[in-house]
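Rule-based calculations on the coordinates, nothing more; no lab input. Since this is a predicted model, take the numbers as computed values, not measurements. Glycine gets a Cβ as well: all are built from the backbone with ideal geometry, and neighbour counts include every protein chain shown.
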Amino acid sequence: MKNNIKYTLSVILLLTILIPSSCSNKHEEGEEHGHSEEESNHTSHEEGEEESIHLTAEQINTIGLELGNFSTLKVNDFIKSTGLIGLPPNAYSSVSVKAEGIIEGTKKYVEGDYIKKGEVIAYVANTSFILKQQEYLEAKAGLKLKEFNLERQQSLVNANAGVSKSLQNSQAEVDILRARTNALAKQLKYLGISVEKLSPNTLSERIPIVAPMSGYISSINMHNGIYAIPSNAIMQIISSDHLHLELDVFEKDIAAVKVGQKISYTVPALGNTIYTGEISVIGKEFNMATKTVRVHGHLEGKKPTFLKDLFINAKIWLTDSKSNAVPEGAIIKDGNETFIYAAKKEEKETEFTKIRVIAGATNNGFTAVKLLDKIPKGMQIVTKGAYYVNAQSKAGELEHEH
């Protein structure tokens, strides 16, 4: 009972304290509300001015302000990889003599020179070549004689004045000599000697060594007087017509790589120029040592200067989507807010408007943006000088004077 009485007294005492305080608060809040009406108009005016920034023509010239429009930027994701500029096996060719002999008449080639297919590199000399040509001419002359005899035997048999056995022997002799003549002709043609122009007066003890394809000379292993044999290469030629990219893609990324995806790459040894390509073949072998898979790509457009096995840095683009983008310097970050400025340049005074954006990927100095505010009609983006516009605004120097 005593506890209940104490509780009741405590509640009455508390109410006695709170009721006057509540009345007082209501009066103060009313006063504050009356006062804030003036301030709210003032605040609203300031906010309106903050959204509408102005610069004079003189200020614009001073900060070097530039206006422009959106650029287009690939904002798709990419995979980084490294590799080299390689060549397929058929881009290499070894030059060797077709028959052993002494090298003569070498041209003044050096490694790196470009050579055309069919161009004479040097000559190889050997007296056996003369004997081979002699054999062909003798076989050719003998064949003509046997063919004449065959025709005579055929005429006799047709006139019932000849013996069929003699005709058969003549036919066999012609067939043997014809086979020998054709075989010798092919041998000479292989050596590079034209049988059509061959005669007893045109016999030659040397044959030309010609380039089997067009390309760059990568090595030279000959000089005048050296005795060359077919098993040893005297020159190596590399064709740059089929250059391709050989990229090493890590195990974690290979599932995202597809044939046809675009590649952008740089060759550090040649500068910062960006070249392009396209995935053509995905290797089927996993390199346990490097944890990578070899990916091949075609070169597109402008190609880098050819140097075998040049190291490259590459990006494999996973998609081909594009987005509006602005120069990195056009984007202003203020706390949690990201925005750009839009303006319409006038002779005396230019008005600037903040346009809130969401910044995306950055590539080659441009950043993709998604607009949160609509750009007023007739306005362009501040592509250069946005930092100074914002700094002037913060300093309170850009208030518009009416």
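Things to note:
- Loop-located GluC sites (Glu not before Pro) in segment 308-399 (DSSP state other than H, G, I, E, B) with a sparse environment of at most 16 neighbouring Cβ atoms within 10 Å: GLU346, GLU347, GLU397, GLU399.
- When the Cα positions of ALA141, ILE79, VAL95 are compared along the charge dipole of segment 61-145, ALA141 comes out farthest toward the positive end, with charges on each C-beta of Lys, Arg, Asp and Glu.
- Shape call, segment 255-324: gyration tensor on alpha carbons, a/c limit 1.5: oblate
- Peptides 354-364, 103-113 ranked from most to least packed, by the mean per-residue count of other Cβ atoms within 10 Å: 354-364, 103-113.
- Taken over segment 132-189, lysine pairs spaced eight or more positions apart, or on distinct chains, with alpha carbons under 22 Å apart number 12.
- Radius 12 Å from Cβ of GLU138, net charge of other residues (Lys, Arg +1; Asp, Glu -1): +3
- Qualifying lysines (Cα of each under 18 Å from Cα of LYS354; at least 8 residues distant if same chain): LYS333, LYS344, LYS345, LYS370, LYS374, LYS377, LYS384, LYS394
- Cα centroid separation - segment 264-280 against segment 147-219, whole Å: 56
- Taking other C-beta atoms within 10 angstrom as a stand-in for reagent exposure, TYR341, TYR123 fall in the order TYR123, TYR341, fewest first.
- Rounded if a/c under 1.5, otherwise prolate or oblate - segment 64-109, Cα gyration tensor axes: prolate
- Taking Cβ atoms as reference points and 12 Å as the exclusive limit, the residues near GLY83 contribute a net charge of 0, counting Lys and Arg as +1 and Asp and Glu as -1.
- Residues whose amide H lies under 5 Å from that of ILE121, counting only those 5 or more places away or on a different chain, are ILE209, VAL210, ALA211; hydrogens are built 1.01 Å from N in the peptide plane.
- Applying the Karplus relation 6.51 cos²θ - 1.76 cosθ + 1.60 with θ = phi - 60° to segment 209-219 yields 3J(HN,Hα) values of 9, 10, 6, x, 7, 7, x, 9, 6, 9, 7 Hz, where x marks Gly and Pro.
- Grouping the Cα pair distances of segment 177-223 into 10 Å bins from zero gives a pair-distance distribution of 19, 40, 24, 14, 2 percent in increasing distance order.
- Cα gyration tensor shape for segment 132-189, rounded if a/c is under 1.5, else prolate or oblate: prolate
- Residues MET222, MET213, sorted so that the one with the fewest Cβ neighbours within 10 Å comes first: MET213, MET222
- Normalising the average separation of contacting C-alpha pairs (under 8 angstrom, six or more residues apart) by the number of residues puts the relative contact order of segment 132-189 at 47 percent.
- Protection proxy ranking for 378-389, 241-252, using the average of other Cβ atoms within 10 Å per residue and placing the highest first: 378-389, 241-252.
- Sequentially through segment 294-299, phi angles give Karplus couplings (6.51, -1.76, 1.60; θ = phi - 60°) of 7, 10, 9, x, 6, 8 Hz, Gly and Pro residues having no value and appearing as x.
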